[in-house]
Structures are given as C-alpha cells and as structure tokens.
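These notes concern the structure reproduced below.
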Amino acid sequence: MASLQAIRYTRGSLQVLDQLRLPHEHHYDPVTTAEEGFDCIRSMRVRGAPAIAIVAALAHAVELQNGAASSAGDTIAYIDSRLDYLYESRPTAVDLGNAITALKKIVRGVDVSGLDQDAARSAIVNAYIEAAEEIFRKDTETNLKIGSHGAEWLLENAPIKSAEDKVAVLTHCNTGSLATSGHGTALGIVRSLHAQGSLSHAFCTETRPYNQGSRLTAFELSFEKIPSTLITDSMAGALFATRKQSDSIAAVIVGADRVVRNGDTANKIGTYALAVLAQHHGIKFIVAAPTTSIDLVTDSGTGIKIEERKPEELTQISGAVVGADGKVDASKSVRVATADQTIGVWNPAFDVTPAELIDVVVTERGVVTKGADGRFNFKEIMPERW
Ligand code: MRU
C-alpha cells in the first residue's frame, strides 16, 4: 500500500478499510447503501469522528448516485430520513451531527423553481452528492492546517525540548489517516512535527479496551517510520515521571469527538486520566479538533451523551495467530477470552476532560487559547456559529 487510506471514494463507489482486521489484513468493504454505512460505523470497521461523518455522508451519496431517490416522493424528506437513520449509528462524535445539519441545509437551498419533478429531484440529488464529496475533500486540507498550527504552537510553547530543539510527545487512541480522510488531527500534528524534523519521539498508548493505539496508531507510526514506542495506558504516569530531562515528554496530544462551548472535551476513554497526569507533571495538554468537532450548542461536558459499548470489548480480544517461529499468520484470526465471561462490565467508549486541564484546542482556523476568564475563545475563530 502506498499510503494509508481508510476511505476510497469515486462518484458512485465507496470502499471502507475494515479496521477490525488491522494491522494484519488490509481489506476494503464496498458500501453501497445507508444501511451498509450504518453497519460499518456501528461495528467500528470505520471509526474516528471525522471518518464516521465522511462515511455516513458518502454512503448516502452513493445510494443517491445509484438511483435510490428516484421512486421516493419528496426528495428532501427522503434525504432527511436517510440522514436521520445514519445519525443513530454512533452518538458521541459531533462531526456526524454537524455534517448532517450542513447537508440538510444545502439541499434546502437548491433553487428548483421552474423545474419539473425529475429535474428538481436531480438538482437536489446532485447538490447533496457534491456537498458530501466536499466534506471528504476538505477534511485532509483541514488536517494539514491543524498539523502545522499545532506543530508551530508546541515548538513555541514546549516546556522542554531536546538539545536539537525537538519535542517528544504522547498521543492516545487513533486520530490519524485511519480516523480521517488523510493526515489526521492529533496524529497529524505528530506527522507535521516529524516532517519538519522537530519530533524526537512519539509514544502511543495501547488505548484499551478497543486498542486503537496498538492496532492502528502503532501501525500508522511504523508505516511512516516515525520514531515511536507503544505503551499500555497504565504506563503513562511512569513514563512522565521517569523520562530523562533531555527527552521528557513535552505534550500529550489527543483528538476530540466533541468539544463543547466551555471547552470540555469528550474523547476516547483514558483521555481524562492522561490530562490529570499531564497537569501534575507540567506537560502541555493539546486537543486537536477540526471546527466540525466543536459543538457550541452544548454548554458543558455534563451535556454530552457518552456511548457505552458491549461487554465483550473488555472480556474478549481478537488478533492474528502467532506461530511458534514468532511470525504472525494474518490468514488465521482468533478471538480469545481475557476475563470471566459472566463478570459485570462498564464500558464507556469516551470520557470528558474538563477545559481547565486543556491548554489549547488546535483547529484548522488557528490555535484557540483561553482568555483572562479561563474560557476558550471559540468566538474568535467561529463568529458565524457563536
Ligand atoms: O471509538 P473511536 O475509535 O471512534 O474513538 C476515536 C477517538 O476518540 C478519536 O480521538 C476522535 O474521534 C478523533 S479522530 C480524529
């Protein structure tokens, strides 16, 4: 593979990399309907806030391109119903809701005056498809901007750098090419630091229970040959406490599923614990989020609905078979029980990090800092949504 791509799209055709099989197998599933898109998202074959929104938008674009609306009465009502259905696939990431709101607005803005029913339907369908394609296209552009803004801010504000002026960072979950249309958000900053020769080392957490860190981020870092090390989530405190002065961790960089009006941020479970640890150790805590991950309607973190997932994600694990010679046999996958199968399980997929533990939110429109009142100044970068 030349580059990691979670989503392959040309008009009328969508293919989604099955992330459940990574890093051992690279298999793309065709997605031809909203139902298939929903299933892909719900089962986490694709995940990550921006990628979820892109797949949902494009899944419907593909079915529209292939004639799904032709027998529906009211085209806008039909599009609304398909989008409302896709909205239910995963609740916490706001990108999906923001994309759906934007798409609904665009189809309502199509001027169909003077057109017969067929022409009006085509105009609305085309507007939808073009808008969905634009969400996909714009995402990589957005991530490249987040990457450079974040790298620049960190190099100016790092509490510690190596003798060569480089920084070491830790990232959590997977926020890279696999979670987006390309480059990534938090991992995009890591990539940008590396590309400009300013990264001494990247640590990634395993990210239990779903292991997005070990299965996906470790894979992306190795793929890009970025100097990196995998740790379990529980090792972060020891890492922060024991790294030598010259190569200490300068920042924890994470993505976001939803940043609300006061800056409280829902992200992968374990993010909050890392933020507490970072503060204790004087390490910068950076949230990298496109403005599509910002929810200005919800006032604070208590208003965020946190998705709870099935117990098996804690009590079982899947992987590929390792032979006696230590080699991975990608053709043989196994599912293994790792706990008593009757134990009660609590499995929230995300937690909320309070704004007070976050130093900055890096968006494509710039780095958002806090004002004298301790509140993030989102109004400055998003006056139209404030
Ligand atoms: O459950 P997931 O894998 O969808 O969770 C992903 C995260 O928490 C990411 O940090 C977030 O979606 C940002 S991805 C750019």
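When every residue of the range 214-226 is checked against the conditions, none turns out to be touching a His at 6+ places or on another chain (Cβ under 8 Å) and within 12 Å of the ligand (Cβ to nearest atom). Picking from residues in the range 37-92 that are at pLDDT below 95 and of a type in the set (A, V, I, L, M), the one that is nearest to the ligand (Cβ to nearest atom) is ALA68. The numbered conditions (1) without any contact (Cβ under 8 Å) to a residue 60 or more places away in the chain; (2) under 30 Å from GLU206 (Cβ atoms) are all true for LYS379 except (2). When we screen LEU144, LEU96, LEU155 for residues that are modelled with pLDDT of 95 or more, surrounded by fewer than 18 Cβ atoms within 10 Å (Cβ to Cβ) and within 14 Å of the ligand (Cβ to nearest atom), the only hit is LEU144.
Of the numbered criteria (1) touching an Asp or Glu at 6+ places or on another chain (Cβ under 9 Å); (2) charged (D, E, K, R); (3) buried (at least 19 other Cβ atoms within 10 Å of the Cβ), the one ARG121 fails is (1). Quick check on my filter: what residues within the range 227-272 are in a helix (DSSP H, G or I) and either away from the ligand (no atom under 16 Å from the Cβ) or over 24 Å from ILE306 (Cα atoms) (or both)? Residues satisfying the conditions are SER234, MET235, GLY237, ALA238, LEU239, PHE240, ALA241, THR242, GLN245, SER246, ASP247. Applying the condition of being assigned to a strand (DSSP E or B) and out of contact with any Asp or Glu (no Cβ under 6 Å at 6 or more places or on another chain) to the range 351-367 and asking which residue is surrounded by the fewest Cβ atoms within 10 Å (Cβ to Cβ) yields GLY366.
Residues in the range 356-376 that are closer than 23 Å to HIS280 by Cβ and in contact with a Lys or Arg (Cβ under 6 Å, 6 or more places away or on another chain): ASP359, PHE376. Residue check: is VAL336 outside any helix (DSSP H, G or I) and without any contact (Cβ under 8 Å) to a residue 60 or more places away in the chain? Yes; evaluated as a whole, the condition is true for this residue. Would it be correct to say that ALA127 is at pLDDT below 95, away from the ligand (no atom under 16 Å from the Cβ) and either over 21 Å from VAL16 (Cβ atoms) or not polar (S, T, N, Q) (or both)? Judged against the criteria, ALA127 is not a match. Being among the polar types (S, T, N, Q) and under 19 Å from the mean Cα position of the chain (by Cα), is that true of even one residue in the range 31-48? Among the residues of the range 31-48, at least one is among the polar types (S, T, N, Q) and under 19 Å from the mean Cα position of the chain (by Cα), which makes the answer yes. When the residues of the range 178-201 are filtered to those that are near the ligand (Cβ under 10 Å from one of its atoms) and part of a helix (DSSP H, G or I), which remaining residue is nearest to the chain's Cα centre (by Cα)? Restricting to residues being near the ligand (Cβ under 10 Å from one of its atoms) and part of a helix (DSSP H, G or I), the top hit is ALA179.
Among the residues making up the range 4-19, those that are touching a residue at least 40 places away in the same chain (Cβ under 8 Å) and more than 11 Å from the ligand (Cβ to nearest atom) are LEU4, GLN5, ILE7, TYR9, ARG11, GLY12, SER13, LEU14, LEU17. When the residues of the range 285-304 are filtered to those that are in a strand (DSSP E or B) and near the ligand (Cβ under 10 Å from one of its atoms), the one that is farthest from ILE358 (Cα to Cα) is ALA288. Among the residues of the range 307-329, is there at least one that is surrounded by 20 or more Cβ atoms within 10 Å (Cβ to Cβ) and under 18 Å from the mean Cα position of the chain (by Cα)? The answer is no, given that none of the residues of the range 307-329 is surrounded by 20 or more Cβ atoms within 10 Å (Cβ to Cβ) and under 18 Å from the mean Cα position of the chain (by Cα). Within the range 325-359, track down each residue that is within 16 Å of the ligand (Cβ to nearest atom) and either within 25 Å of ASP139 (Cα to Cα) or among the hydroxyl-bearing types (Ser, Thr, Tyr) (or both). Within the range 325-359, ALA349, PHE350, ASP351, VAL352, THR353, ILE358 meet the criteria. Would it be correct to say that ALA278 is closer than 19 Å to LYS370 by Cα, small (Gly, Ala, Ser) and touching a helix residue (DSSP H, G or I) at 6+ places or on another chain (Cβ under 6 Å)? Considered against the rule, which asks whether it is closer than 19 Å to LYS370 by Cα, small (Gly, Ala, Ser) and touching a helix residue (DSSP H, G or I) at 6+ places or on another chain (Cβ under 6 Å), ALA278 comes out as no. I'd like the residue in the range 128-141 that is of a type outside the set (Phe, Trp, Tyr) and crowded, with 22+ Cβ neighbours inside 10 Å and, out of all such residues, is nearest to LEU103 (Cα to Cα). Per the stated criteria, the residue is ALA132.
For CYS204, the conditions (1) assigned to a helix (DSSP H, G or I); (2) touching a Gly at 6+ places or on another chain (Cβ under 9 Å); (3) within 16 Å of the ligand (Cβ to nearest atom); (4) not small (Gly, Ala, Ser) all hold with the exception of (1).
The values are calculated or read from the model by the stated rules, or taken from the named source; none is laboratory data. Remember, it's a predicted structure, so these values are computed and weren't measured experimentally. All Cβ positions, even for glycine, are placed from backbone atoms using ideal geometry, and neighbour counts span all protein chains on display.
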